[in-house]
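The values are calculated or read from the model by the stated rules, or taken from the named source; none is laboratory data. None of the values given here were measured: they were computed from a predicted structure. All Cβ positions, glycine included, derive from the backbone under ideal geometry; neighbour counts span all protein chains shown. Accessible surface areas use protein heavy atoms only, side chains included; no ligands, DNA or RNA. Shrake-Rupley method; radii C 1.70, N 1.55, O 1.52, S 1.80 Å.
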Amino acid sequence: MKLSTTNRTNLPNHKVLKELCKSLATLDAILCQDWEYRYYLYNHKWSEQEEFFQMRDGEGNDMVIFFREEGAVINGFEHELYDYEEQLPNKDDLTINLPDPYIGFIFSEYVTSIGTTYCIWSNEDQQWTVGNVTDKEDGSEQQLYIFDNNPETYINWATTYYFEDEEEVMTIEKKEIIKQIYQGNTLTRDMVLVLNPELEDWDLLKEDIIEANYPHSL
């Protein structure tokens with residue numbers, strides 16, 4: 001199932017997406033305690049009324065999602081698609097008719113410093129929508145695919161990203177725990193130890209899980 005700005009009807013609604021993002025950030029916090037090398041991050045206290053998710057690949061590509069009670073907005077940047085900065089799409093075109101609650105975030109210094117090759121948001125009818133887009137590839141397909149809500153998608157990605165040089169690390173037991181976290185099951189120490197038996201800093205993990213607002217009994 002492809003997900004992109006032109007195939008956005010397959011994206012889960014913002015409430016389902018929010019819980020999925022928490023699961024992704026929780027899995028990454030377990031598998032990698034070094035914040036610098038994590039792919040997915042979640043902060044449920046970005047501000048009093050907003051929550052925040054980020055994907056970063058360490059190579060300059062980035063995606064951030066801003067969640068509010070009424071919806072969400074996604075900003076993505078794929079730098080490999082453009083040889084020069086002046087070739088980047090016009091952000092004003094990409095965000096035409098962007099709802100007012102998202103404008104401050106999308107045009108903030110933080111998001112502007114990341115860059116924008118695509119922008120997608122949920123409207124008042126909870127449908128995902130976009131501004132004026134071109135036929136040129138915008139990077140959304142490369143980034144949004146993880147939101148198909150299929151744990152196998154994360155399993156395939158994590159096997160390559162975290163265990164590329166090891167054989168048979170992604171065991172049946174690990175896959176089962178990942179599926180449970182995708183379902184939002186309460187995280188326990190036993191579940192963590194299946195995924196990362198060498199986890200060192202339990203206090204740090206607990207802080208990360210609390211920041212993601214994922215249910216746990218650590």
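Name every residue in the stretch 111-137 that is assigned to a helix (DSSP H, G or I) and either in contact with a Phe, Trp or Tyr (Cβ under 6 Å, 6 or more places away or on another chain) or open to solvent by less than 40 Å² (accessible area, probe 1.4 Å) (or both), in order of residue number.
Correct list: Val111, Ile114.
Inside the stretch 159-170, can you point out the residues that are under 19 Å from the mean Cα position of the chain (by Cα) and either modelled with pLDDT of 85 or more or surrounded by fewer than 15 Cβ atoms within 10 Å (Cβ to Cβ) (or both)?
If the condition is that a residue be under 19 Å from the mean Cα position of the chain (by Cα) and either modelled with pLDDT of 85 or more or surrounded by fewer than 15 Cβ atoms within 10 Å (Cβ to Cβ) (or both), then Thr159, Thr160, Tyr161 are the ones that fit.
For Asp148, indicate whether it is under 18 Å from the mean Cα position of the chain (by Cα), buried (at least 18 other Cβ atoms within 10 Å of the Cβ) and among the acidic types (Asp, Glu).
no
Taking Asp34 as the residue in question, decide whether it is more than 23 Å from Thr129 (Cα to Cα) and without any contact (Cβ under 8 Å) to a residue 12 or more places away in the chain.
Spelling it out, Asp34 is indeed more than 23 Å from Thr129 (Cα to Cα) and without any contact (Cβ under 8 Å) to a residue 12 or more places away in the chain.
What number of residues within the stretch 18-41 satisfy the criterion of being surrounded by fewer than 19 Cβ atoms within 10 Å (Cβ to Cβ), closer than 19 Å to Glu59 by Cα and at pLDDT 95 or above?
Matching residues across the stretch 18-41 total 0.
Looking at the stretch 87-110 only, could you name the residues that are under 21 Å from Gln126 (Cβ atoms), touching a Phe, Trp or Tyr at 6+ places or on another chain (Cβ under 8 Å) and surrounded by fewer than 19 Cβ atoms within 10 Å (Cβ to Cβ)?
Hit for the stretch 87-110 is Pro99, nothing else.
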